[in-house]
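To keep things clear, I will list the structure first and then write my remarks on it.
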Amino acid sequence: MMMNERQLFDSFDKITPTQAQKDKMFKNIMASKRQEKKVVTFPAYRKLAFMAASFACVIVCAFAFGMQSDDTEDGISTANIEMHGRTITPAGQTNEFQKTLSLNEYYEYLGVDVEDKLDVPKDFTNDTDEKVCFFIDENQNILEDSHTFRYVKDEASVNVATTKFGERLTDVISLAQETKTYPDGTTAGITKIDSEFSAFVIKNSVGYSIATYNLTETENENLLNSIIN
Amino acid sequence: MSFSELRSDEEIARLYEKYVNTVYRVAFMMLKEKAETEDVVQNVFIKLMNSDNEFTDDEHILRWLIVAAKNECKNLFKHWWKSKRNHLEDAPEPTYSDNKDTDSIMEQVKALPEKYSLPVYLYYYEGYKTYEIAKILDVNEATLRSRLAVAREKLKLMIGVNDDE
């Protein structure tokens, strides 16, 4: 369909919250102000309740850290500081900081070259962010180290999130639809829902959270095996 | 405009009324989903309330809000379960009119990756110049122009090239 500038403008113009939406959002904003440091709730995530219980733990972790900003909000600069040669920027309203690693630095940290290890089906495009964001506290303890390796092809996708806090996945594995124990003793928690496939594995202290969409059974198996082996 | 002024209920209410639609649109262009868009809008204005930035004027605030909305959306994208959830949930709720032409256009715009849709929105709706958008989105101006060109091609947009491009 051909369009002109006016039609485009009109279409944007219609993306407008209703008055009820505006009122609700403003009420929440002002409530947050009154409660100062109260953690903001995300009503949209309630929709996740229907998802398999196995995802709950991961969602809570991801959600908790998802409230941090990864860029300076004014688009220019704020009080960046140097730590161990890396730039660290204040993140959000807490005492947490974030630092950015390259993928190679991240592999060194994990002890595994994840992209090299993963057996992703051919023709998938690697859409992985080349910067890895860590959250650390003021004592330089790492709070969050996960990174998602993402591959896409048409309507199919592969997402593999990694963390050295592998123990966080222990409970999730046991809650999966099925568990599979491999000859080396590694156990994977696997859940399949229609075209969705998810698996949680801890291998050499590294936690892997796999989520694929529209892959064949063989492709999912190869991907999982590439992590186990 | 000082921090203390921003903290007042009246000032927040004024800025909210003035810019909520823009923040909502920026977030919606990136997330394409109503409920998450609302979450982002709330968080952005909460961050504004708690920000100690020295804003020079309302335009400065608007640009800060756009960047904050973009960053807030990017934070959501970062997590693997975001893409997974997209597959699990139903299609985005239709939030605009029954006008088939307009909705068809919006569907095409929504189908664009964020790196194209956001510049298109800022250029054609908000009226920013390419160098201004480049600064807001923190990208090279040549890259920005290239993205606009690609977006136009994808949208089969029949519009002229302005002087500032």
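The values are calculated or read from the model by the stated rules, or taken from the named source; none is laboratory data. What you see is a predicted model; the values in this text were computed from it and never measured. Every residue, glycine among them, receives a Cβ derived from its backbone with ideal geometry; neighbour counts consider all protein chains shown.
Every condition in (1) in contact with a helix residue (DSSP H, G or I) (Cβ under 7 Å, 6 or more places away or on another chain); (2) modelled with pLDDT of 90 or more holds for residue A:175 except the one numbered (2). When the stretch B:116-146 is filtered for residues that are away from chain A (no Cβ under 12 Å) and either over 22 Å from residue A:13 (Cβ atoms) or of a type in the set (Ser, Thr, Tyr) (or both), the ones remaining, listed by number, are B:116, B:128, B:130, B:131, B:140, B:141, B:142, B:143, B:144, B:145, B:146.
The lone criterion from (1) within 13 Å of the chain's Cα centre (by Cα); (2) at pLDDT below 50 left unmet by residue B:120 is number (2). Of note, residue A:224 satisfies the criterion of being surrounded by 20 or more Cβ atoms within 10 Å (Cβ to Cβ) and over 26 Å from residue B:76 (Cβ atoms).
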